[in-house]
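The values are calculated or read from the model by the stated rules, or taken from the named source; none is laboratory data. Keep in mind it's a predicted model, so treat the numbers as computed, not measured. Reconstructed Cβ throughout: ideal geometry from the backbone, glycine too, with neighbour counts over all protein chains shown.
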Amino acid sequence: MLELLTGTGLAAAAGLNAYIPLIVMGLAARFEWIGLPSGWTWLSNEWVLVIIGVLLVVEIVADKVPAVDSVNDWIQTVVRPASGGIVFAGGVGTETVAVDDPESFFTSGAWIPIALGIGLALLVHLGKMAVRPVANLATAGVAAPVLSTAEDGVSLVMVVLALVAPILVALGLLLMVVGFVLVRRDIRRRRRAREAAAA
């Protein structure tokens, strides 16, 4: 059960920022704070960590610029779910990364954690994609750096909870959903107020 919560928290975090869970897992494994399954030890390779670190910096900067953040979200529609699949499967302890025999990959069920992670990360990512353009329009772009910083913070907190206290992941997910709903509601309220003032 705790492994599923760990994987869920990591995948949800990847839906907000693809690289935070990857780099935290890789660094934690490199410093031997966690033990990755044998098939996932490549995450702790120094070159992999450097590449993920560079991509993380690009993601953090691009996600804070209005309009660029929306383009980045479209690009990340592939990257975030893929990251979610990797970290979910790594979090629940799936041993198989390389698929030598596709038939055995599907019959053994090794694909299930990856598919669950992809689905969870995609769901969170789509929620983020739905909120950001509306927030940018409603606030003339002022919301982009604020929401992006909040999303990065939530992603980091979810990763830490998933690795240190997985039982709290359920609370984190609930707060994430409440946050999405409240932001969306606030954006609609501001838009209605602006339309009423213009009329």
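At-a-glance table
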quantity	calculated
Residues located in the stretch 155-191, provided they are β-branched (Val, Ile, Thr), under 18 Å from residue 121 (Cα atoms) and surrounded by 15 or more Cβ atoms within 10 Å (Cβ to Cβ)	157, 159, 160, 169
Condition check for residue 27: free of Cβ contacts under 8 Å to residues at least 24 places away in the same chain and part of a helix (DSSP H, G or I)	yes
Residue that is more than 21 Å from residue 117 (Cα to Cα) and either of a type in the set (Ser, Thr, Tyr) or part of a helix (DSSP H, G or I) (or both), where the choices are 65, 48, 57	57
Those residues of the stretch 10-33 which are hydrophobic (A, V, I, L, M, F, W, C) and under 10 Å from residue 87 (Cβ atoms), in sequence order	10, 11, 12, 13, 14, 18, 20, 22, 24, 25
Scope the stretch 34-59; condition farther than 23 Å from residue 70 by Cβ and either small (Gly, Ala, Ser) or touching a residue at least 40 places away in the same chain (Cβ under 8 Å) (or both); matching residues	34, 35, 36, 37, 38, 39, 40, 42, 43, 44, 53
Search result, residues across the stretch 77-110 that are β-branched (Val, Ile, Thr), assigned to a helix (DSSP H, G or I) and modelled with pLDDT under 85	92, 107
Every residue from the stretch 134-144 that is buried (at least 16 other Cβ atoms within 10 Å of the Cβ) and closer than 9 Å to residue 66 by Cα	136, 143, 144
Residue within the stretch 47-67 that is closer than 17 Å to residue 162 by Cβ and either aromatic (Phe, Trp, Tyr) or surrounded by fewer than 17 Cβ atoms within 10 Å (Cβ to Cβ) (or both) present	no
Residue list for the stretch 56-90, filter: polar (S, T, N, Q) and closer than 15 Å to residue 147 by Cβ	70, 72, 76
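Conditions tested, residue by residue: (1) modelled with pLDDT under 85; (2) in a helix (DSSP H, G or I); (3) buried (at least 22 other Cβ atoms within 10 Å of the Cβ).
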| residue | (1), (2), (3) |
| --- | --- |
| 112 | yes, yes, no |
| 116 | no, yes, no |
| 121 | no, yes, yes |
| 124 | no, yes, yes |
| 127 | no, yes, no |
| 131 | yes, yes, no |
| 146 | no, yes, no |
| 153 | no, yes, no |
